[in-house]
Amino acid sequence: MQPGVDAYITPDRIARYLTAIADTPAPSTAATAMRAPVLQDLLRSDGALKDGQLVLDSNFRNTASTVLIAGDQSLPKPLWYFAHMDTISYLTRPFDGRRFPLVPFCYHLTINGTRQAQAYRYDLLNERYFVVDDGWIESELGNAFFRPKDQSTRLRPGDRVVPVTPCLPQEDGYWTGHFDNAGGVSALAVAAPLLAEAGVNALFAFPDEEEGPTGSGNQVMGRGGSRIIDQLPPPDLAIIADMQQAGMTLNTEEMTSEPQNSVRIGEGAVLSEFSSLARGAVTPPSLYALARHLIDLLPGLGTKVQESNNIYTSRSDDISVMLKTPNILLLGFPGINRHFDLASPQAALSDIVDLSKALVYAAMLQPVIRCLNDRGGHV
């Protein structure tokens with residue numbers, strides 16, 4: 001299996017998917033309309049959709065979210081993969097004489113500073129989104145505003161503001177780009193054709209509306225994933241792929257006796273036991289032991305996965321999927337400034353390659369779980 005995985009999941013292919021997806025803005029509630037055609041074009045160019053082994057549905061059961069389906073379309077899927085397609089975005093409020101106050105449709109993590117941004121509007125006549133104006137998101141003590149380049153621009157209800165930055169490699173070997181969650185989408189989209197070709201019966205979900213406003217309850221986010229899982233019977237295993245905040249390198253960390261985030265950019269994909277300090281999914285110990293056994297074997301297959309030390313892993317679509325099954329694995333890729341916290345987001349292309357390969361190999365866990373359940377045990 002490894003030769004086929006290594007031949008198909010290459011840095012060049014991942015970079016092509018990552019750049020195309022990350023450079024396409026995807027505000028929540030509009031992500032499917034804006035990114036699903038890009039994803040479809042990428043898969044078609046690789047011949048992944050031509051033989052019917054893998055089918056793309058850009059409005060799965062009227063949920064306004066995109067899925068890829070491998071295997072018989074009528075059969076339940078014992079294996080789920082989720083990688084949300086939307087990005088952080090902002091709703092607009094009335095012009096205050098200088099700029100537009102914004103309502104974050106996300107966890108707004110830029111306390112102070114300016115970020116490049118674009119404002120989008122839907123053109124009903126031409127059935128497409130277009131850029132109303134470029135400009136900047138200005139954050140002051142956590143309050144967000146949009147300042148357009150053209151001071152005569154007037155935003156209106158229904159417009160969306162999205163922070164933007166080009167997806168490009170940097171001199172230090174890292175990449176910058178809007179990677180949350182273009183990295184997860186790219187890794188999963190590249191892995192899906194290999195799994196379909198291998199005869200794996202799986203659902204690959206790319207929900208809209210994973211992002212949501214700051215709130216104390218899980219219902220403020222993961223809405224798109226909830227709509228998908230509402231249509232389906234429980235799987236044996238669900239795997240959630242998302243960007244996870246990494247710790248800084250040792251030479252930039254303050255010396256402290258407090259434990260530090262052990263996750264590092266460039267050290268491979270990331271396996272986490274639980275999300276949001278157990279407000280999200282918590283992987284059962286038996287399943288986590290299986291996953292740890294798998295990642296111990298993966299270096300022999302040319303794939304690196306680092307284990308989080310549980311300082312913090314963000315919630316994602318696991319908050320929806322855990323309503324259907326406890327058998328959830330959190331497999332992500334590391335990065336910093338995922339919501340433009342202190343600067344533009346950064347990640348390593350090699351980690352997204354490792355994530356894509358790990359997603360393929362993780363499919364081997366599903367029949368093990370099914371076998372244990374059939375024998376009366378529980379994972």
Discussion item. Could you tell me which residue out of A278, P233, P299 lies farthest along the dipole of the chain toward its positive end? Charges go on the beta carbon: Lys and Arg +1, Asp and Glu -1, centred on the Cα centre.
Written reply: P233
Worksheet item: Just by accessible area at a 1.4 angstrom probe, what is the order of K50, K149 from largest to smallest?
Response: K50, K149
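As an exercise, use a Förster radius of 35 Å and the Cβ-Cβ distance of Q260 and T214 to find the FRET efficiency, rounded to the nearest 0.05.
0.90
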Practice prompt. May I ask which residue of L125, T176, P148 lies farthest towards the positive end of the charge dipole of the chain, with charges of +1 (Lys, Arg) and -1 (Asp, Glu) on Cβ and the Cα centre as origin?
Written response: L125
Item to complete: Beta carbons within 10 angstrom, averaged per residue: use that to sort the peptides 131-138, 326-333, 40-47, highest first.
Response: 326-333, 131-138, 40-47
Response to the item:
Under 20 Å by backbone N from the virtual spin label 7 Å along Cα-to-Cβ at Q2, the residues of segment 348-367 are 350-365
Worksheet entry | Most to least packed among 259-271, 299-311 [average Cβ atoms within 10 Å] | 259-271, 299-311
Worksheet item: What does segment 136-224 give for Rg and for Dmax, in Å, if only its C-alpha atoms count?
Response: 18.4, 56
Worksheet item: Using unit Cβ charges (K, R positive; D, E negative) and no other charged atoms, how large, in debye to the nearest 20, is the dipole of segment 233-379 about its Cα centre?
Response: 420
Worksheet, complete the sentence: Given a 1.4 Å probe, the accessible area of the chain per residue, as a whole number of Å², is 42
Worksheet item: For the chain, modelled as a GNM with alpha-carbon contacts under 10 angstrom, which of D242, D23, D86 fluctuates the most?
Response: D23
Response to the item:
With a 1.4 angstrom probe the carbon and sulfur portion of accessible area for the chain, in percent, totals 54
Response to the item:
Note: R98 to V131 extended length (0.36 nm per residue) minus current alpha-carbon separation gives 9.9 nm
Practice prompt. Using Cα centres only, tell me the gap between segment 217-231 and segment 305-364 in whole Å.
Written response: 18
Worksheet item: Quick one: in segment 26-148, what % of C-alpha pairs are over 27 Å apart?
Response: 36
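Please work out whether segment 192-333 counts as rounded, prolate or oblate from its C-alpha gyration tensor, where a ≥ b ≥ c are the square roots of the eigenvalues and a/c under 1.5 means rounded, while otherwise a/b larger than b/c means prolate and anything else oblate?
In terms of gyration-tensor shape, oblate.
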Discussion item. How large is the convex hull of the C-alpha atoms of segment 1-46 per residue, in Å³?
Written reply: 82
Worksheet item: Quick one: putting +1 on the C-beta of Lys and Arg, -1 on the C-beta of Asp and Glu, what dipole do you get for the chain around its Cα centre, in Debye to the nearest 20?
Response: 740
Worksheet item: Which FRET efficiency, nearest 0.05, do L323 and Q151 yield, Cβ-Cβ r, R0 45 Å?
Response: 0.45
Worksheet item: Which residue, R121, R154, R292, tops the fluctuation ranking in a GNM of the chain built on C-alpha contacts under 10 Å?
Response: R154
Practice prompt. Residues in segment 341-369, backbone N under 18 Å from the label point at A289 (7 Å along the Cα-to-beta-carbon vector): list them, ranges by number please.
Written response: 365-369
Discussion item. Suppose only helical runs count, i.e. DSSP H with n ≥ 4. What mean residue ellipticity at 222 nm does that imply for the chain under -39500 (n - 2.57) per run, divided by all residues and rounded to the nearest 500 deg cm²/dmol?
Written reply: -8000 deg cm²/dmol
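So between D296 and I111, what do we pick up on full extension, going 0.36 nm a residue minus the alpha carbon distance?
The D296-I111 span can extend by a further 62.7 nm.
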Worksheet entry | Between 0 and 90°, nearest 10: helix 31-45 axis offset from the chain longest Cα axis | 50
Worksheet entry | Cβ-Cβ FRET estimate between R121 and D57, R0 fixed at 25 Å, reported to 0.05 | 0.40
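The values are calculated or read from the model by the stated rules, or taken from the named source; none is laboratory data. Everything numeric here is computed off the predicted structure, so don't read it as measured data. Quick reminder, even Gly has a Cβ in these numbers, built from the backbone with ideal geometry, and neighbours come from all protein chains shown. With ligands, DNA and RNA removed, areas are computed over all heavy atoms of the protein, side chains included. Shrake-Rupley method; radii C 1.70, N 1.55, O 1.52, S 1.80 Å.
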